[in-house]
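Chemist: Can you keep this structure in mind? I'll have questions shortly.
The values are calculated or read from the model by the stated rules, or taken from the named source; none is laboratory data. As the structure is a computational prediction, the values presented were derived from the model and not from experiment. Here the Cβ is made from the backbone with ideal geometry for all residues, glycine too, and neighbour counts use every protein chain on show. When the accessible area is computed, the model is the full protein with side chains, heavy atoms only, and any ligands, DNA or RNA have been set aside. Shrake-Rupley method; radii C 1.70, N 1.55, O 1.52, S 1.80 Å.
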Amino acid sequence: MALAPLLPAAAVAVGTLKVDTALPYVCTLPSGPRAATVRITAAFPERAAVGEEIRPTDVTTTVELPAAAVADLTVLEAATVRAETRLTVGAAQNGQQAEAVWRGTSPSLDVPAEGPLALTTTGDVPILTTGGPGDLSLTAGSLGVDLAPSAADGAATVPASLSVTCVPAEEAEGRRVLATVPVGPGPTTGEPSASPTPSTAPSSALPSSSPSSLPSPPPSRPTGREPASGTSGASRSPAAGRTPDSGPQAADDAAPGTEAARPPAPTCRNDKPTSKSLTAYITGYSNVRKLNGANVIPVSCTLIEQGDPEIVFLPDGIHLLQKSDAELSYEGRRQTPPFEATFLTFGFAPTTATLVLEQVGPMAVESDILLVFPDNIAETYIRAPLVLRVLDVRVNGTRLDVGPSCRTAKPLSSPEPDPAKYPGDHLVLLGKGQLLNGTDATGYVLTSGGPLTGEVTIPAFENCGTGGEDLDRLLTASISGPGNHVKQIQGQTCAVGVEVPTEGQCTEDRQPYVVPKPAR
């Protein structure tokens, strides 16, 4: 199937800019570099107002690989093949430039007996928002293609995947601008402007959509070369004004590929994953100020569903924003496993309590990555409404019957930096990280994990006691109050919805491989 040469973008409807572009590329196949054609289609608004979302729609990427690609698949005795693509798209406005990743997947296609192989992928792409007026131009860049061939009986071939890297050919220069969207302070009316020459300023890689970047899980282990909603990382001095948390991360022996054996951990599995689903373990310490002690919150499973990323141009730079949903998971319930805490109550009575943290509402994960070349500075807020349940109490070895419904009267609460947007009582944890281009991440990033800290107020207790005995005031006087420091360590995530999980991040049955250790 021959692809048409470059087709100019044209407004096909009022307010819509339709793009249909075919460009020459050079793709590195197992048999060597070969010429190929990449066709990109998408729809954009003709114009946008400052602060208005620019959401590309109807996005497809079609790569026509030459006959040599078919020969490479034939050697593997492949009967069908499925593709995942990662198109790098430059976004530039007023001298600021960054890169986003447009991801797509194709249905399974029959491998032809001969001739070229055309693969068309579709998928969600990052949203763009600008904080000031000026033309926003989008430019096609490198393309990664992951091929998953299968034999006639449906079994995977050996090897199970082929990775193809494609770059624009020299003759594509000057033709790679996909679209230019004028951004102005007024209503979005008028005709699209001509495409400007792409900026040559250095670019910062944007986190890709899922998993990382912060959107669909990356097919390969995240690195600082393509920061996504998370990446794992190496140390680097923080950019001025925003510093990553310097606290310890997950223990070194919890890093992917370095453990001799994975420590025991509760089941952490998502049985109905999407392409944006992640799982991760989290553990750490929580101080109880009144008791002058700290207790370990046990290794707990977290299920994460990543939201769509949004690219925002602001005066201080380009931001990649992403809001994801999460929930605790233990034996089908939204809670931690039961755990024991031992303290000296009132300074002299040894007290052991069995506790559970229960999630009683939506958990929000809000990531903001500021792209400051060559660093990407990340801040992630996790907001979780949690109540503390008391299952069993023993004072000096004697059981104190608290009954089946002993719990805090309302959720734990933290100082909230944005109460208008996030009202109500909930725990707030903050993770700070840094992604230096070309290296791994330091501090906290969603997909690679790291330390999260916060401060929490433990509310008064209710429904504690049986047989007419009211133990609410005893527990409230012993435990409740403000100023309790929390430090949690999240491990590397497992991208459970991808065809082939990244080595070292998931177990064979797609649970998180990394089990972090608590750190004070």
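Chemist: Out of the residues in segment 414-470 that are among the hydroxyl-bearing types (Ser, Thr, Tyr) and over 25 Å from the mean Cα position of the chain (by Cα), which is farthest from PRO385 (Cα to Cα)?
Modeler: Just the residues of segment 414-470 that are among the hydroxyl-bearing types (Ser, Thr, Tyr), to begin with: 414, 422, 439, 442, 444, 447-448, 453, 457, 466.
From what is left, the residues that are over 25 Å from the mean Cα position of the chain (by Cα) are 457, 466.
On the way: THR457: 12, THR466: 27 Å.
Restricting to residues being among the hydroxyl-bearing types (Ser, Thr, Tyr) and over 25 Å from the mean Cα position of the chain (by Cα), the top hit is THR466.
Yes or no, residue by residue, for (1) in contact with a helix residue (DSSP H, G or I) (Cβ under 7 Å, 6 or more places away or on another chain); (2) open to solvent by 50 Å² or more (accessible area, probe 1.4 Å); (3) over 25 Å from PRO66 (Cβ atoms):
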site	(1), (2), (3)
THR129	no, no, yes
PRO133	no, yes, yes
PRO149	yes, no, no
ASP153	no, yes, yes
ALA156	no, yes, no
SER161	no, yes, no
GLU170	no, yes, no
GLU173	no, yes, no
LEU178	no, no, no
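Chemist: Let me ask you something else. Does ALA83 fit the bill of being under 30 Å from the mean Cα position of the chain (by Cα), under 26 Å from THR274 (Cβ atoms) and either open to solvent by less than 50 Å² (accessible area, probe 1.4 Å) or not acidic (Asp, Glu) (or both)? Outline the logic, then answer.
Modeler: Details: under 30 Å from the mean Cα position of the chain (by Cα): yes; under 26 Å from THR274 (Cβ atoms): yes; either open to solvent by less than 50 Å² (accessible area, probe 1.4 Å) or not acidic (Asp, Glu) (or both): yes.
Answer is yes for this residue.
Chemist: Continuing with the same structure: If you go through segment 488-507, how many residues are under 28 Å from GLY104 (Cα atoms) and at pLDDT 90 or above? Give the derivation first.
Modeler: First, the residues of segment 488-507 that are under 28 Å from GLY104 (Cα atoms): 491-507.
Going one step further and asking which of them are at pLDDT 90 or above, we end up with 491-496, 505-507.
Summing the residues that are under 28 Å from GLY104 (Cα atoms) and at pLDDT 90 or above in segment 488-507 gives 9.
Chemist: Kindly indicate whether any position in segment 476-483 is surrounded by 15 or more Cβ atoms within 10 Å (Cβ to Cβ) and either part of a strand (DSSP E or B) or without any contact (Cβ under 8 Å) to a residue 40 or more places away in the chain (or both). Explain how you work it out, then say what you get.
Modeler: Applying the first criterion (surrounded by 15 or more Cβ atoms within 10 Å (Cβ to Cβ)) to segment 476-483 yields 476, 478-481.
Right, trim to either part of a strand (DSSP E or B) or without any contact (Cβ under 8 Å) to a residue 40 or more places away in the chain (or both) and you get 476, 481.
Within segment 476-483, one or more residues are surrounded by 15 or more Cβ atoms within 10 Å (Cβ to Cβ) and either part of a strand (DSSP E or B) or without any contact (Cβ under 8 Å) to a residue 40 or more places away in the chain (or both).
Chemist: Of the conditions (1) out of contact with any helix residue (DSSP H, G or I) (no Cβ under 8 Å at 6 or more places or on another chain); (2) part of a loop (DSSP other than H, G, I, E, B); (3) buried (at least 23 other Cβ atoms within 10 Å of the Cβ), LYS432 clears all except one; give me its number.
Modeler: Tallying (1) out of contact with any helix residue (DSSP H, G or I) (no Cβ under 8 Å at 6 or more places or on another chain); (2) part of a loop (DSSP other than H, G, I, E, B); (3) buried (at least 23 other Cβ atoms within 10 Å of the Cβ), LYS432 fails exactly one: (2).
Here's the yes/no breakdown for (1) assigned to a strand (DSSP E or B); (2) touching a residue at least 60 places away in the same chain (Cβ under 8 Å); (3) open to solvent by 20 Å² or more (accessible area, probe 1.4 Å):
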{"site": "THR342", "(1), (2), (3)": "yes, no, yes"}
{"site": "THR352", "(1), (2), (3)": "yes, no, yes"}
{"site": "ALA364", "(1), (2), (3)": "yes, no, no"}
{"site": "SER367", "(1), (2), (3)": "yes, yes, no"}
{"site": "ALA378", "(1), (2), (3)": "yes, yes, no"}
{"site": "TYR381", "(1), (2), (3)": "yes, no, yes"}
{"site": "SER405", "(1), (2), (3)": "no, no, yes"}
{"site": "PRO419", "(1), (2), (3)": "no, no, yes"}
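Chemist: Which of the residues that make up segment 78-127 are part of a loop (DSSP other than H, G, I, E, B), in contact (Cβ under 8 Å) with a residue 60 or more places away in the chain and touching a helix residue (DSSP H, G or I) at 6+ places or on another chain (Cβ under 7 Å)?
Modeler: Listed by number, the list holds a single entry, PRO116.
Chemist: Say we look at segment 98-119 and pick out the residues that are open to solvent by 40 Å² or more (accessible area, probe 1.4 Å) and under 25 Å from the mean Cα position of the chain (by Cα); which of these is nearest to SER367 (Cα to Cα)?
Modeler: GLU99
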